[in-house]
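Quick note: the coordinates plus some simple rules give every number you see, no bench work behind them. Quick caveat, the model's predicted, so the values are computed rather than measured. Quick reminder, even Gly has a Cβ in these numbers, built from the backbone with ideal geometry, and neighbours come from all protein chains shown.
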Amino acid sequence: MSETLPSTTPISRPNPPPWGGALAAWGVSAALAATWLVLARGSLLALLGLLLVAGLAFALWRLPLRWPAVGLLLIALLLDDPSARPFAGEWASPLASLAELFYENLHKFTGVEALRFSLLEVLVVGLLGLALARRLAGTAARDEAAPVPPLFTATVAGSLAALLLLLVWGLVRGGDFRSALWQLRQLLFLPLVTLLFLVSLRGTRDLRLLGTVLVGSALAKTALGLWIYETVFRPRNTQPPYVTTHSDSMLFALAFVAIVVSWNERRSRRSRGLLLLAGPLLLLAMKINNRRLVFVEVAAALALIFPLVPWTSLKRNVARIVILAVPLGALYLAVGWNSTARVFRPVQMVRSIAQPEVNRSTAMRDIENYNLTVTFRSNPIIGLGFGHPYVEQVRADDISQIFSLYRYIPHNSVLGLWAFCGLLGFAALWLPMLTGLFLAIRSYPLAVVPLQRTAALTVAGMVVIHLLQAWGDMGTQAWTGVFLMGACLAAGAQLAVEVGAYPGPRRWRASGSSLEPGQETAP
């Protein structure tokens, strides 16, 4: 039986003027290009930029906002941030040049020193400005953005305000502005990207599109990883530290969780085929990428989801197998804990997570975590603010030659936020994700179609995955996490209003239910 997607009751709006918005877009683009002309001192490049920006602005004005927003999501998932690209000089991704265009600061291409921001950042801010211009011009109705709980919007705005206040607080206390910007970059864009998806997505109607982008990007990265592994490392008979990037752990883990949940919610031929074909490929990608944390992320996300799903025959059988396997599993771990035999390789991986090998890298990370806790205790309420390094009470290896900001951007992002933001700042920054988790879990039992239920559990899983990545692998500094988390939070917030898990804005509640008669129960 095909899914029946809930439809929304339209809100009456005045007809917008046909050309007013387009003229406004041209005016804004002309002002931006004029600024560019001044900065570039009348160069030919600036003139070409004027024409490009004006044409792009006019095209975007006529295009529904969801398409460029989802396009940016696809770009962020497919293209690797050059700063996170592994093994520079040993291999180059076929998309490396395109990735540099989107991620590198524009001053490297234009020669204009003032343009110390990337094209990706310009596009995010530009699309938000476009959404505001459409609202002011009365043409926002064409985007058909689904409503969201005002509470969630307030938490996103609050996290943005908290970041700016922590920047001011750090600078007032003598912090370094340049270092503060590096600390803030991805943290600042998480609420901005979330807002972009909030004003562009149409709720349930766009969930399948988001799922296609998620799984398709993960499979594309899998193919890239296999190509790198087979052409670069297998001929050398070496095991790479990783083959794509650390942050791809979030992409692989979330895509795998999504297809498992989709199959569990609707046992169709399509979902079964996706699980049988894509599931093993994603597990292979996790293995060759050689990040142990990704398996912890998958296990933690599924452990969160398992108690939420209804008690079907499958869940009862899984619970029985787990209960019966506990004694055998404990015996297997005990026997193989100190063994190097091939049959006990899974035990070796578990041991490497529970008791990591004490090498120089592990020792340096332990020292860093200790220094972060010392820094936090020095100002536990509001932290140091941005622009300050953590207190290095115990001296570790000096890696400033290869990473000059190591005391400003620690490996453990969670402890780093506690040190720099304190209890109040950390709570403000993490509140949108906790609110998103609450809305997703509350929406799941009220969702009326499998697609909605899959989305609710996927959003919940993403919050756990992001938290673990932030704890173990500088997760808050990854653009992959920014866009995945932003899209998931927005989709989950819209879903909460659609299924009645949380009230939306007053003007939406006054228009009636988001479901048509006969859609209150699952098909």
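Backbone amide hydrogens, once placed in the peptide plane, bring N105 within less than 5 Å of nothing, excluding anything fewer than 5 places away on its chain. The order of L468, L439, going from fewest to most other C-beta atoms within 10 Å of their C-beta, is L468, L439. The spacing between the range 464-491 and the range 370-422, judged by their C-alpha centroids, is 20 Å. Ordered by the number of other Cβ atoms lying within 10 Å of each residue's own Cβ, fewest first, D206, D398, D176 fall into the sequence D398, D176, D206.
The simple Förster model, with R0 at 51 Å and r as the Cβ-Cβ distance, assigns W182 and T340 a FRET efficiency of 0.75. Residue order for F152, F189, F233, fewest other beta carbons within 10 angstrom first, comes to F233, F189, F152. Label-to-label distance, L63 versus L308, with points set 7 angstrom from Cα along the beta-carbon direction: 3.3 nm. Available extension along the chain between A161 and I321 is 52.8 nm, counting 0.36 nm per residue and deducting the alpha carbon span. Among T373, L333, G385, whose Cα lies farthest out toward the positive end of the dipole of the range 279-398, if unit charges sit on the beta carbon of Lys, Arg (+1) and Asp, Glu (-1)? The Cα lying farthest towards the positive end belongs to L333.
In this structure, the amide hydrogen of H388, modeled 1.01 Å from its nitrogen in the peptide plane, lies closer than 5 angstrom to those of D176, counting only residues at least 5 positions away or on a different chain.
Between the listed residues M462, T435, G500, the Cα displaced farthest toward the positive end of the dipole of the range 368-506, a dipole computed from Cβ unit charges relative to the Cα centre, is found at G500. Amide H contacts of G383: G422, L423, each under 5 Å away and 5 or more positions distant or on a separate chain (H built 1.01 Å from N in the peptide plane; Pro and chain starts excluded). Using the Karplus relation 6.51 cos²θ - 1.76 cosθ + 1.60 with θ = phi - 60°, the per-residue 3J(HN,Hα) values for the range 385-401 come to x, 7, x, 10, x, 6, 6, 9, 5, 10, 6, 9, 4, 7, 10, 5, 5 Hz, with x marking Gly and Pro. With θ taken as phi - 60° and the Karplus curve 6.51 cos²θ - 1.76 cosθ + 1.60 applied, the whole-hertz 3J(HN,Hα) list for the range 451-466 is 4, 5, 5, 4, 4, 4, 6, 5, 4, 4, x, 5, 4, 5, 4, 5 Hz, x standing for glycine and proline.
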